[in-house]
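Structure record follows, encoded as structure tokens.
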């Protein structure tokens with residue numbers, strides 16, 4: 001079994017990217033800001049230190065210090081922590097907002113798929129959540145409230161670049177209104193001898209399977225080197241809702257569901273085997289999406305706290 005396949009069958013909760021993936025986007029944003037807007041890092045770090053759960057960051061940081069992580073990396077790890085925090089807060093009713101992590105634009109291969117999807121007014125989805133938290137950061141709210149909102153900005157910018165957090169497949173096998181729920185009910189196997197997982201989980205786990213600080217940092221560096229800001233024309237698009245509607249939704253249709261040709265199972269114990277080159281093709285798509293998430297997060301933060 002390949003290394004990629006091994007990573008993909010590890011067990012993680014069904015988050016948009018796994019926690020390690022979100023940490024990578026935080027690290028990419030940090031490194032980008034370090035080059036272009038160091039003052040933004042200082043402002044963000046100062047606000048995050050007033051986060052109501054900052055003590056949990058300190059606990060994790062102190063644990064890292066035992067592994068000889070230098071103090072100069074504290075703000076880098078703070079960015080990593082902020083990006084994954086909304087997933088860690090899922091068990092806390094004060095901060096948990098399950099519907100903020102996604103928007104389910106319906107994809108029906110049998111109908112016209114060229115039109116731009118529309119939002120449901122009043123729905124508390126990822127687009128709603130981004131605007132709400134950006135407004136808080138730019139308001140006269142307390143730094144404690146802003147710190148929570150900043151963590152959500154970190155996380156939502158990452159989430160919206162995972163194609164299956166913008167899309168639900170609607171076919172006879174997965175009927176309205178729920179469809180396949182962002183691929184969470186679309187079951188596949190990577191190899192003939194691998195276990196069944198959801199298509200959503202497959203895409204979540206494409207970036208990284210480890211929350212180790214050095215591994216996350218190295219992965220972020222590799223992605224930034226492979227996908228340099230100057231070579232990503234997509235960065236001209238700066239509207240969050242278009243990242244969901246025009247980019248991730250299109251990728252879900254064309255690259256995730258293969259224009260409706262990808263076969264999946266409704267049986268969580270017996271997934272359909274992915275096409276032979278599917279995993280190899282998906283990996284660079286996920287990495288490019290992650291690079292966009294990191295650079296765009298840096299831009300959002302620079303604008304939000306200027």
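Give region 200-218 a look and list any residue that's part of a helix (DSSP H, G or I) and surrounded by 19 or more Cβ atoms within 10 Å (Cβ to Cβ), or say none. Full working, then the answer.
As a first pass, look at region 200-218 and keep what is part of a helix (DSSP H, G or I): 200-204, 213-218.
200, 201, 202, 203, 204, 213, 216, 217 - these are the residues of region 200-218 that are part of a helix (DSSP H, G or I) and surrounded by 19 or more Cβ atoms within 10 Å (Cβ to Cβ).
Here are 7, 41, 47: which of them is assigned to a helix (DSSP H, G or I), modelled with pLDDT under 95 and closer than 21 Å to residue 158 by Cα? Lay out the reasoning, then the answer.
Details: 41 fails: modelled with pLDDT under 95; 47 fails: modelled with pLDDT under 95.
The match here is 7.
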Subject >> Residue in region 219-229 that is touching a helix residue (DSSP H, G or I) at 6+ places or on another chain (Cβ under 8 Å), in a helix (DSSP H, G or I), more than 29 Å from residue 47 (Cβ to Cβ) and touching a residue at least 12 places away in the same chain (Cβ under 8 Å) present >> reply: yes
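Here is a check on your reading of the model: is residue 259 assigned to a loop (DSSP other than H, G, I, E, B), touching a residue at least 60 places away in the same chain (Cβ under 8 Å) and surrounded by fewer than 21 Cβ atoms within 10 Å (Cβ to Cβ)?
Numbers: assigned to a loop (DSSP other than H, G, I, E, B): yes; touching a residue at least 60 places away in the same chain (Cβ under 8 Å): yes; surrounded by fewer than 21 Cβ atoms within 10 Å (Cβ to Cβ): yes.
Taking the combined requirement at face value, the residue satisfies it.
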Original post:
Restricted to region 50-69, and to residues that are in contact with a helix residue (DSSP H, G or I) (Cβ under 8 Å, 6 or more places away or on another chain) and in a loop (DSSP other than H, G, I, E, B), which residue is surrounded by the most Cβ atoms within 10 Å (Cβ to Cβ)?
Top reply: 51
**OP:** Go through (1) assigned to a helix (DSSP H, G or I); (2) under 24 Å from residue 152 (Cα atoms) one by one and return the number of the condition residue 72 breaks.
**Re:** (2)
Subject >> Index of the failed condition, residue 91 passing every other in (1) exposed (fewer than 13 other Cβ atoms within 10 Å of the Cβ); (2) touching a helix residue (DSSP H, G or I) at 6+ places or on another chain (Cβ under 9 Å); (3) closer than 30 Å to residue 252 by Cβ >> reply: (2)
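The values are calculated or read from the model by the stated rules, or taken from the named source; none is laboratory data. Remember, predicted model here, so these are calculated numbers, not experimental data. Every residue, glycine as well, gets a Cβ built from its backbone with ideal geometry; the counts of neighbours run over all protein chains shown.
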